[in-house]
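Quick notes on the structure that follows.
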Amino acid sequence: MNVFYLCRVTRPARATQERSLNALQNSVSNPIQREEVNNHVHSTYSFSPYSPAAITEHAVAAGLKTVGLMDHDAIAGAPEFLAAARTNGIAATVGCEIRVNLSGTPLEGRRVNNPDEPNIIYIAFHSIPANQFDKLETFLEPIRTARQKRMRAETETLHQLLQQRNGPSLDFDQDILPRSQAAVGGTLTERHILFALAEKLIEQHGTGQPLVDYLHDTLQLSLSAKAVEQLSDPGNPHLTYDLLGVLKSELVPHFFIPSSTEECPSAQQAVDFATSIHAIPAYAYLGDIQESPTGDKRAQTFEDSFLDELIQTLTAIGFQAVTYMPPRNTPQQLARLSSLCQENGLMEISGVDINSSRQSFNCPILQEPAYHHLCDAAWALIAHENLALHDAKWALFNPHNPHATEPLKQRINRYASWARQTDPAQLENMKELL
């Protein structure tokens, strides 16, 4: 079993703290400042190689100025994450990602940003004030319960398929649950199931050509040249995650079970709840893709052909933002999306979806002038989160906000300025700038 994956770090080691401090000191002494941010990093409370604390350590090591936690259906890792961010001196923001259904909307039944099923979309709750974590946990707990029930059924379906192909056995309680944080508020996903399978396959068949031959000849999987190269490398430190990507692409269509409304509430219900706890509800733009960063999504078309209608529908529901991953899309896609966001008063938020050891925390494209507003947005999230904790009227989209009449861009810049001026280890002092 991948011990690093299961490790929960509750306090950064002294060496890590010293390394983080040196990185911060070096950035202060360097007159040429890079400003990279990432608001979409998963932890072991959903699926990731990184504990909440380890996320902050890797973010500092990567030179990020801000970092955001974004777990699926879970908020339990947030206290550890925020405490570690304070210790490591990096500004941090907390969110969570859920799936919702579009029933009753003009987009009902369409495939939008979810490769696995139509009518279900991914959305994010960004910038959740810490005093709202308990309310959010109450909202998320039944979602996780429904999802775990489905994951149990999917595991059995995959087990039966593997038996037909002379593959290994899979047991939900013995193989899947121990590879999650489900017992302490974490969620379970198809990635947990396939991570367990990947580890079994590597244990039984080793690496290199024997593993590749088994996948192709016995499990009847199609392997790209890139996958063969990665899986054939005996020194590949990301082998388990690379194999997981292959398994997800090839096997999920054979064992996937559609989600229920208990697992995926309506978009309207989710947005109304998010605004009630002063979080920022954001649609997660995917866009037509050729290949995903982790190699686990096939080339596929999504919402680009009806993007105008989608943005109008999201605005009518009450979404306040759109989040997207600049490295995934073309400049033309991003320019069109940004224009629609500006026309409809939607905040633009960026983040690189981190759930594999192969992925980099860095997003160099944010250094380009065209995307600097995404750095401003990251800082504004941090200000929103901390000021709304102090007084709900300071939530960025609160109609009673003293600056509510300002254009959104001006308000974001104002909030970003406040966050940049505040010591990341003492964000509670930001209210003194009001």
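The values are calculated or read from the model by the stated rules, or taken from the named source; none is laboratory data. As the structure is a computational prediction, the values presented were derived from the model and not from experiment. Ideal geometry is used to build each Cβ from the backbone, glycine not excepted, and the neighbour counts take in all protein chains shown.
A count restricted to region 34-61 and to residues that are assigned to a helix (DSSP H, G or I), within 19 Å of residue 362 (Cβ to Cβ) and in contact with a Pro (Cβ under 8 Å, 6 or more places away or on another chain) stands at 2.
Conditions (1) surrounded by fewer than 16 Cβ atoms within 10 Å (Cβ to Cβ); (2) under 30 Å from residue 103 (Cβ atoms); (3) out of contact with any His (no Cβ under 9 Å at 6 or more places or on another chain); (4) not small (Gly, Ala, Ser), marked per residue:
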site: 170; (1), (2), (3), (4): no, no, no, yes
site: 181; (1), (2), (3), (4): no, no, yes, yes
site: 196; (1), (2), (3), (4): no, no, yes, no
site: 219; (1), (2), (3), (4): no, no, yes, yes
site: 225; (1), (2), (3), (4): yes, no, yes, no
site: 231; (1), (2), (3), (4): no, no, yes, yes
site: 237; (1), (2), (3), (4): yes, no, yes, yes
site: 244; (1), (2), (3), (4): no, no, yes, yes
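Touching a Leu at 6+ places or on another chain (Cβ under 9 Å) and in a loop (DSSP other than H, G, I, E, B), is that true of residue 104? Taking the combined requirement at face value, the residue does not satisfy it. Flag: residue 323 does not match the condition of being assigned by TED's automatic domain parsing to the domain that holds residue 216, over 23 Å from residue 138 (Cα atoms) and of a type in the set (Val, Ile, Thr).
The criterion of being modelled with pLDDT of 95 or more, among the charged types (D, E, K, R) and surrounded by 19 or more Cβ atoms within 10 Å (Cβ to Cβ) holds for residue 191. Out of 266, 276, one residue alone is polar (S, T, N, Q), surrounded by fewer than 19 Cβ atoms within 10 Å (Cβ to Cβ), under 29 Å from residue 157 (Cβ atoms) and at pLDDT 95 or above. It is 266. Taken together, 73, 116 contain a single residue that is surrounded by fewer than 22 Cβ atoms within 10 Å (Cβ to Cβ), closer than 23 Å to residue 355 by Cα and acidic (Asp, Glu), which is 116.
Residue-wise test of (1) among the aromatic types (Phe, Trp, Tyr); (2) within 30 Å of residue 137 (Cα to Cα); (3) assigned to a helix (DSSP H, G or I).
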position	(1), (2), (3)
222	no, no, no
226	no, no, yes
229	no, no, yes
249	no, no, yes
254	no, no, yes
271	no, yes, yes
282	no, yes, no
302	yes, no, no
305	no, no, yes
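Restricting attention to region 131-148, and to residues there that are surrounded by 15 or more Cβ atoms within 10 Å (Cβ to Cβ) and touching a Leu at 6+ places or on another chain (Cβ under 8 Å), which single residue is nearest to residue 384 (Cα to Cα)? My answer is 144. Residue pairs whose Cβ atoms lie under 6 Å apart, separated by 6 or more positions or on different chains, with the first residue in region 221-247 and assigned by TED's automatic domain parsing to the domain that holds residue 203 and the second surrounded by fewer than 17 Cβ atoms within 10 Å (Cβ to Cβ) and of a type in the set (Gly, Ala, Ser), are 232/208; 234/208.
Of all residues in region 62-101, those satisfying the criterion of being under 30 Å from residue 312 (Cα atoms) and assigned to a loop (DSSP other than H, G, I, E, B) are 73, 74, 75.
Any residue in region 141-153 that's in contact (Cβ under 8 Å) with a residue 40 or more places away in the chain and closer than 12 Å to residue 176 by Cα: show its pairings with residues that are in a helix (DSSP H, G or I) and of a type in the set (Gly, Ala, Ser) at Cβ separation under 7 Å, as long as the two are six or more apart or on different chains. Within 7 Å, the pairs are 148/182. Looking across region 107-135 at every residue that is in a loop (DSSP other than H, G, I, E, B) and in contact with a strand residue (DSSP E or B) (Cβ under 8 Å, 6 or more places away or on another chain), the one that is nearest to residue 262 (Cα to Cα) is identified as 119. Residues of region 198-216 that are closer than 15 Å to residue 230 by Cβ and in contact (Cβ under 8 Å) with a residue 12 or more places away in the chain: 198, 201, 202, 207, 208, 209, 211, 212, 215. Identify, please: which residue in region 170-199 is touching a helix residue (DSSP H, G or I) at 6+ places or on another chain (Cβ under 6 Å) and of a type in the set (Ser, Thr, Tyr) and is, among those, nearest to residue 211 (Cα to Cα)? Ranking the candidates gives 180 first. Name the residue that is farthest from residue 152 (Cα to Cα), counting only residues in region 176-202 that are β-branched (Val, Ile, Thr) and assigned to a helix (DSSP H, G or I). The qualifying residue farthest from residue 152 (Cα to Cα) is 202. Can you confirm whether region 389-403 contains a residue that is more than 30 Å from residue 300 (Cβ to Cβ) and among the small types (Gly, Ala, Ser)? Yes: region 389-403 contains one or more residues that are more than 30 Å from residue 300 (Cβ to Cβ) and among the small types (Gly, Ala, Ser). Taking the condition under 26 Å from residue 52 (Cα atoms), in contact with a Lys or Arg (Cβ under 8 Å, 6 or more places away or on another chain) and in contact (Cβ under 8 Å) with a residue 60 or more places away in the chain, does residue 74 pass? Here the answer is yes, as residue 74 does meet what is asked.
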